[in-house]
Amino acid sequence: MTCEPVTTAEPAWRSHGTERRSTRAVRARVCVVLVAATVLAVLLVPPLVRLDQQAVDLSSRLLPPSWSHPFGTDDLGRDLLLRCVYGLRVSLLVGVAAALTATVIGTAVGATAGALGGWADRGLMRVVDTFSSVPHLLLGIFIVAMFRPGVGPVIVSVALTHWLSTARIVRAEVLSLRARPYIDAAVSGGASRWRVTVRHLLPAVVPQAALAAVLMVPHAMWHESALSFLGLGLPTHLASLGNLIQAARGSLLAGQWWPTLFPGLFIIVPTLAVAGLAGAWRERINPRRRSELML
């Protein structure tokens, strides 16, 4: 009589957790590569490629993708790949500037509301609720319409319509921190409210605020593209992704798909990459959420 070795099967939850971790790691690497490629394209292509992206060549108008023009040409014969890179540069600049401005405003409002409490908290949150009751795009159109088309008004418009979620996140984090024992110890030791806020509360909410800023960049890029598509954002001569799609509407109706497809991909792919990278970051700085995903 022979005894067969007993093999213990790996628990199903552990194998599923391993697969999920490996999938998230691969997704994070892909997002890092896409974000790095976006940054390198924005930084290196304009100085290295000595071509004028505004140069008109009517003899080469609306050429389909080829070796000489990988993305084809637009209705004025301009190279669409170069135009998309310059458009991504402008849209990314607007998105980053608007996201940083909105994060500063939201962090200031949320930290003030959470640290002061009482009537200040209620009043500031009513302001947040009032702004939230108006659709972002409608409020952005109203703000932009008061100025001439330009980069500055678009940044202001996007920033003033995107700080609300950051204010709520920071306020909730500050209220949670105020219940911690070390905050009570600092107050009992004679620390003023200003000192507690600056020395203890604000440094603790910086990771959440930074994550909110990263997540806001793709949203701001979409918002800028929507405003430019409606003709209310950046000047039409400026190569932003929204302007490129807006200018390609007639070509799409005529059957030329490339002037619309490639600028659209330049919006979708970088924004998805940034969102995926921010999601991986969120799992790292939030241990509870990370442990739930690992099960």
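Numbers below:
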quantity	calculated
Candidates per chymotrypsin sites (Phe, Trp or Tyr not before Pro) in the range 22-118, loop by DSSP, up to 13 other Cβ within 10 Å	Trp67
In degrees, nearest ten, helix 80-116 long axis to first principal axis of the chain (Cα)	30 degrees
Angle in degrees between helix 202-229 and the longest Cα principal axis of the chain, rounded to the nearest 10	20 degrees
Local electrostatic count at Thr73 - Lys and Arg +1, Asp and Glu -1, tallied over other residues with Cβ under 11 Å	-1
Between the range 266-282 and the range 155-195, the alpha-carbon center distance in angstrom	27 Å
Dipole axis of the chain (+1 Lys, Arg; -1 Asp, Glu on Cβ), positive-most option in Gly189, Leu238, Thr101	Gly189
Dipole in debye (nearest 20) - the range 27-112, about Cα centre, beta carbon charges: Lys, Arg +1; Asp, Glu -1	300 debye
For the chain: accessible area per residue (Å², 1.4 Å)	56 Å²
Cα gyration tensor shape of the chain, rounded if a/c is under 1.5, else prolate or oblate by comparing a/b with b/c	oblate
Unit charges at the beta carbon, dipole of the chain: most positive-side option, Ala179, Leu124, Leu277	Ala179
Environment charge of Arg126, counting only residues whose C-beta is closer than 15 Å and scoring Lys/Arg +1, Asp/Glu -1	+1
Carbon and sulfur %, accessible surface of the chain computed with the full protein complex present, 1.4 Å	67 percent
Listed residues Pro64, Ser165, Val45: farthest to the positive end of the dipole of the chain (Cβ charges)	Ser165
The chain - charge dipole about Cα centre, Lys and Arg +1 at Cβ, Asp and Glu -1, debye rounded to 20	840 debye
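The values are calculated or read from the model by the stated rules, or taken from the named source; none is laboratory data. On a predicted model such as this, the values are computed, not experimentally measured, just so you know. Note that each Cβ is placed from the backbone with ideal geometry, even for glycine, and that neighbours are counted across all protein chains shown. Note: accessible area is taken over every heavy atom of the protein model, side chains too, but ligands, DNA and RNA are not part of it. Shrake-Rupley method; radii C 1.70, N 1.55, O 1.52, S 1.80 Å.
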